[in-house]
1. Starting from the stretch 328-348, take each residue that is β-branched (V, I, T) and list its partners that are surrounded by fewer than 22 Cβ atoms within 10 Å (Cβ to Cβ) and assigned to a loop (DSSP other than H, G, I, E, B), counting only C-beta distances under 9 angstrom and pairs at least six apart or across chains.
2. Go through (1) within 22 Å of L202 (Cβ to Cβ); (2) modelled with pLDDT of 70 or more and name the single condition L303 misses.
3. Give the residue, chosen from L197, L219, L212, that is hydrophobic (A, V, I, L, M, F, W, C), at pLDDT 75 or above and over 30 Å from A280 (Cα atoms).
4. Select from the stretch 69-86 the residues that are under 21 Å from the mean Cα position of the chain (by Cα) and surrounded by fewer than 21 Cβ atoms within 10 Å (Cβ to Cβ) and write down the one among them that is farthest from V47 (Cα to Cα).
5. Tell me, which residue of the stretch 165-205 that is assigned to a loop (DSSP other than H, G, I, E, B) and of a type outside the set (A, V, I, L, M) is nearest to I137 (Cα to Cα)?
6. Take E344 and decide whether it is assigned to a helix (DSSP H, G or I), modelled with pLDDT of 90 or more and surrounded by 17 or more Cβ atoms within 10 Å (Cβ to Cβ).
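The values are calculated or read from the model by the stated rules, or taken from the named source; none is laboratory data. A quick note: this is a predicted structure, and the numbers were derived from the prediction, not measured. Note: ideal-geometry Cβ built from the backbone for every residue, glycine included; neighbour counts use all protein chains shown.
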Amino acid sequence: MTGDPATRDDGPTGPDGDAVAPLIDEDVAVRTASLVASRRRTSAAEVAALRAEVAADLPRIDAAARAWTELGADLAPTTATVVGRSGWVRANLTAIRGTFEPLRERLEKRPGAARIMGAQIGVLFGLLSTKVLGQYILPLGGPGGGQLVIVGPNVLDLADRHGPLATDVRRTILLHEVTHRLQFDATPWLEGHLRGLVDRYLEHAEVDASTLKDAAARLPDMIAEARASGSIQPLLGAVLTPEQQEVINEAQGLMSLLEGHGNAAMYAAAPSDLIADPEAVREAIASRRNDLTTKVLTAVAGLEMKRRQYRDGEAFVREVIDLAGMDGVNHAFAAAEQLPSVEEVADPAAWLDRVRVA
C-alpha cells in the first residue's frame with residue numbers, strides 16, 4: 001500500500017548539528033519487520049475508497065472529539081494519512097529517532113548494538129503493524145511524531161471480519177486517536193513532559209553485561225511470581241532499576257489518563273448517526289485480542305499493562321465527569337503537577353480533592 005506519511009529521511013544530529021551514527025539500524029528494523037508481518041493483498045480501488053471514507057469521516061469526528069473533550073477549539077483541522085504496514089513501521093522508526101540518545105555513550109561501546117536493536121525493534125514493530133488500526137504517533141522528538149495514521153490493510157481486514165460494523169469500528173478508532181491529537185496539541189507542556197519521562201527512564205537503564213546477566217538469572221522466578229500474583233511488579237523489579245520503577249509509576253498515571261480519556265471519548269463523544277452501535281464496536285474490538293499474534297504481543301510488549309490503562313483510565317475519567325464534569329477532567333491537562341498518580345487513578349475523588357476541584 002502506498003501513501004506512507006511524509007517524514008524527513010535525515011538521521012539524528014549531534015549538538016553541533018553534524019550527523020551522528022544512528023543508535024538503531026533502521027534498514028535492519030524494516031527488513032526484519034517485513035519478515036515478521038503478514039501480507040494482505042489490496043487493490044488500488046480498495047485503497048482509494050478507504051482514503052475517501054477516512055477523509056469524509058474526519059471532519060465530523062474531529063468536531064465530535066472537540067465538543068466532548070472541550071479541548072483544541074482553536075486548533076487547525078485534524079488530518080490523517082492512510083499507510084501500509086511497512087509505512088507504519090517506517091513512521092514509528094522515524095518518530096523514535098533521538099529517543100535512545102541518553103544511552104548513546106554506553107551503546108556505542110557495544111559492537112553491533114545498532115543492528116541488534118534494529119532487529120529487536122523490527123520484530124516488535126512487525127508484529128504490531130498487523131494489529132494497529134490507527135495511531136496518533138507520540139511526539140518523542142523524531143520528525144515523524146505528532147501525526148495521525150490509519151493502517152489500511154488492518155482496517156480493510158475489519159470489513160472482511162465484521163461487514164457493515166467495520167465502518168463504526170473505523171470511526172471509533174479515529175475518534176480515539178483524534179482525542180490523543182487534541183490532548184497533545186491543546187496542551188503545549190505535555191510533549192516535553194512525556195519526553196522527559198522517557199529520558200529519565202533511559203538515563204537510569206542498566207546495559208552492562210553483569211547487570212543483564214544477573215537479571216536474566218532471576219527472570220524465571222520473577223515470571224513465576226508474576227503469574228501467581230497476577231501483577232507485573234515482580235517482573236519490573238527484575239529488569240528495572242529503582243529509578244526506572246519510579247518513572248514507570250509516574251508514567252502509568254499519565255498513560256492511564258491519556259488512554260482512558262481516549263477510550264471514554266470513543267464510546268461517548270460521537271452522535272448516533274456517526275457511530276450507531278458503540279457497544280457492538282466495543283465487543284468487536286475486544287474480540288481482536290484473542291488471536292495468536294495478540295497473545296504473543298501481550299507477552300513481549302506489555303500490552304496487558306496498556307489494557308489496564310484503557311480500563312482503569314476510562315473508569316477514572318467517567319467518575320471524574322460524574323463528580324465534576326468535563327471541566328474537572330481538564331484540570332489534569334492544566335499542568336504536569338496536576339496529572340493523576342497511578343494511585344489517584346484508582347481514587348478519582350482523592351485526585352479531585354488534591355487539585356481542588358469542587
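1. From residues that are β-branched (V, I, T), the pairs are V329/E70.
2. Unmet condition: (2).
3. One residue alone meets the criteria, L197.
4. Result: G72.
5. T187
6. Against the criterion (assigned to a helix (DSSP H, G or I), modelled with pLDDT of 90 or more and surrounded by 17 or more Cβ atoms within 10 Å (Cβ to Cβ)), E344 qualifies.
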